[in-house]
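These notes are about the structure you will find just below.
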Amino acid sequence: MNAELDNIVTSPINDYIIRFEKVYTQSLHSDVKLINTIIRYISRKKGKQLRPRLCLLSAKLCGEPTENTYRAAALIEMIHVATLIHDDVVDDADLRRGWPSVNRVWKNKLSILVGDFMFSKALTNMIHLKDFDALDILSSTAQRLSQGEIQQIEKAIKKNMTEEVYYQMVSDKTASLFSAACKLGVMTVTEDNDKREALAKFGEKFGLVFQIKDDLLDITGNVEGLGKPAGFDLKKNILTLPLIHLFEKLDSSDSKRVKRQLRNHVKKSELKEIRMLIENHGGIQFAEKQIDRLSKEAQDELNIFPDSVYKDALLAALTFNSHRHN
């Protein structure tokens, strides 16, 4: 996890993070040596683990974490990592967090099977929660994740995504897991529906900001910061918010030309030109405005909670998310 973000988000919940990591590691143990080897490889570059941290902070904001809080945080991270492994297979990606991806090292078949193993372990953790409301959230989230990914592929093929469809897709494929992380955290410590809904909405808006920021970094970032080549999403024909904005600004002939370039495996020189077009037509500023708007909406969801170090940590994480560089 980034050192700055680690200090912002983790310091108030250090002891709880240690407990979460034990539950997470124990939950993924297998009798099959190869599975454990691949899991250890994944864990060496475990990323921000932002979703389980949001889960724990949401719980602490409303009460004292329980064993179910740690189980919920662990299964949220399992689902997230499993989707990343499957995404890398779908995208034929060579890098993940700056390291060779699982599919590059162990090929696609093993990657898919290990992703499936992590999903199955998440299911086991779900059952241990023994909470039908939590199971309902998680089953809905799993459906939304796959639905959003498939919709993204469909729209990438047709190149006809609108801003409205984009938000629905991102809400499903990214924001749903952030929302579930926050809501599950509070559900494990209180039955207060107002608090549950406020944190669910906070997580949803947080996730939307997270994805739009990723869209921006794909244009403005670099491989060292992102852990993948900048422009990767453009090369993969993924329609990000700045690109959707560009298509709305270009005339019909220029729009068709850019779409044709993307469809035919965009070259480096063409990629540079598309980035310049996005910048010149206000795509970056437009995305930044959406980040500011959604961040403010997310912040407002926490107004029902009294001031505390846990509320401060959630707000600081939101601010950091809006300005991060990877």
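The values are calculated or read from the model by the stated rules, or taken from the named source; none is laboratory data. Worth saying up front: this structure is predicted, and the values here are computed from it rather than measured. We place every Cβ from the backbone using ideal geometry, glycine too, and count neighbours over all the protein chains shown.
Go through the stretch 56-107 and give me each residue that's polar (S, T, N, Q), at pLDDT 85 or above and more than 22 Å from residue 198 (Cβ to Cβ).
Passing the criteria: only 83.
Within the stretch 205-248, work out how many residues are surrounded by 20 or more Cβ atoms within 10 Å (Cβ to Cβ), in contact with an Asp or Glu (Cβ under 6 Å, 6 or more places away or on another chain) and modelled with pLDDT under 75.
Within the stretch 205-248, residues that are surrounded by 20 or more Cβ atoms within 10 Å (Cβ to Cβ), in contact with an Asp or Glu (Cβ under 6 Å, 6 or more places away or on another chain) and modelled with pLDDT under 75 number 1.
Considering each of 138, 84, 61, 113 in turn, give the residue that is out of contact with any strand residue (DSSP E or B) (no Cβ under 6 Å at 6 or more places or on another chain) and farther than 20 Å from residue 207 by Cα.
113
Mind checking which pairs have a first residue in the stretch 147-162 that is over 15 Å from residue 258 (Cβ atoms) and a second that is surrounded by 15 or more Cβ atoms within 10 Å (Cβ to Cβ) and at pLDDT below 80, Cβ under 6 Å, 6 or more apart or different chains?
155/161
Do the conditions hold for residue 83, that is, is it part of a helix (DSSP H, G or I) and more than 26 Å from residue 191 (Cβ to Cβ)?
When the stated conditions are applied, residue 83 passes them.
Output the residues belonging to the stretch 28-66 that are free of Cβ contacts under 8 Å to residues at least 24 places away in the same chain and outside any loop (DSSP other than H, G, I, E, B).
33, 36, 37, 40, 43
When you go through 173, 159, 183, 155 one by one, which is the residue that is at pLDDT 90 or above and closer than 25 Å to residue 245 by Cβ?
Exactly one of 173, 159, 183, 155 is at pLDDT 90 or above and closer than 25 Å to residue 245 by Cβ, namely 173.
Of everything in the stretch 154-212, what is of a type in the set (S, T, N, Q), closer than 21 Å to residue 292 by Cα and in a helix (DSSP H, G or I)? Give them in sequence order.
168, 171, 174, 176, 179, 211
Filter the stretch 24-38 down to the residues that are surrounded by 20 or more Cβ atoms within 10 Å (Cβ to Cβ) and either hydrophobic (A, V, I, L, M, F, W, C) or touching a Gly at 6+ places or on another chain (Cβ under 9 Å) (or both) and list them by number.
Of everything in the stretch 24-38, those that are surrounded by 20 or more Cβ atoms within 10 Å (Cβ to Cβ) and either hydrophobic (A, V, I, L, M, F, W, C) or touching a Gly at 6+ places or on another chain (Cβ under 9 Å) (or both) turn out to be 28, 38.
Step by step: first the residues of the stretch 165-199, then only those that are among the small types (Gly, Ala, Ser) and in contact (Cβ under 8 Å) with a residue 40 or more places away in the chain, then the one that is farthest from residue 77 (Cα to Cα). Which residue is that?
Filtering first and then ranking leaves 198.
Check whether at least one residue in the stretch 188-198 is modelled with pLDDT of 90 or more and within 17 Å of the chain's Cα centre (by Cα), and report yes or no.
No, the stretch 188-198 has no match at all.
Taking into account only those residues within the stretch 111-127 that are loosely packed, with under 15 Cβ neighbours inside 10 Å and not aliphatic (A, V, I, L, M), which is farthest from residue 35 (Cα to Cα)?
124
I'd like to check something: does the stretch 131-140 contain any residue that is aliphatic (A, V, I, L, M), more than 26 Å from residue 31 (Cβ to Cβ) and surrounded by 15 or more Cβ atoms within 10 Å (Cβ to Cβ)?
yes
Check whether at least one residue in the stretch 61-74 is among the basic types (Lys, Arg) and buried (at least 18 other Cβ atoms within 10 Å of the Cβ), and report yes or no.
Checked the stretch 61-74: at least one residue is among the basic types (Lys, Arg) and buried (at least 18 other Cβ atoms within 10 Å of the Cβ).
Among (1) of a type in the set (A, V, I, L, M); (2) within 19 Å of the chain's Cα centre (by Cα); (3) farther than 20 Å from residue 122 by Cα, where does residue 61 come up short?
Condition not satisfied by residue 61: (2).
Here are 269, 295, 255: which of them is surrounded by 15 or more Cβ atoms within 10 Å (Cβ to Cβ) and over 30 Å from residue 10 (Cβ atoms)?
255
Only residues in the stretch 291-317 that are within 19 Å of residue 212 (Cβ to Cβ) and part of a helix (DSSP H, G or I) count as the first member; pair them with residues that are at pLDDT 95 or above and basic (Lys, Arg), Cβ under 6 angstrom, at least 6 apart or cross-chain, and list the lot.
Going by the 6 Å Cβ cut-off, the qualifying pairs are 294/205; 297/205; 298/205; 301/201.
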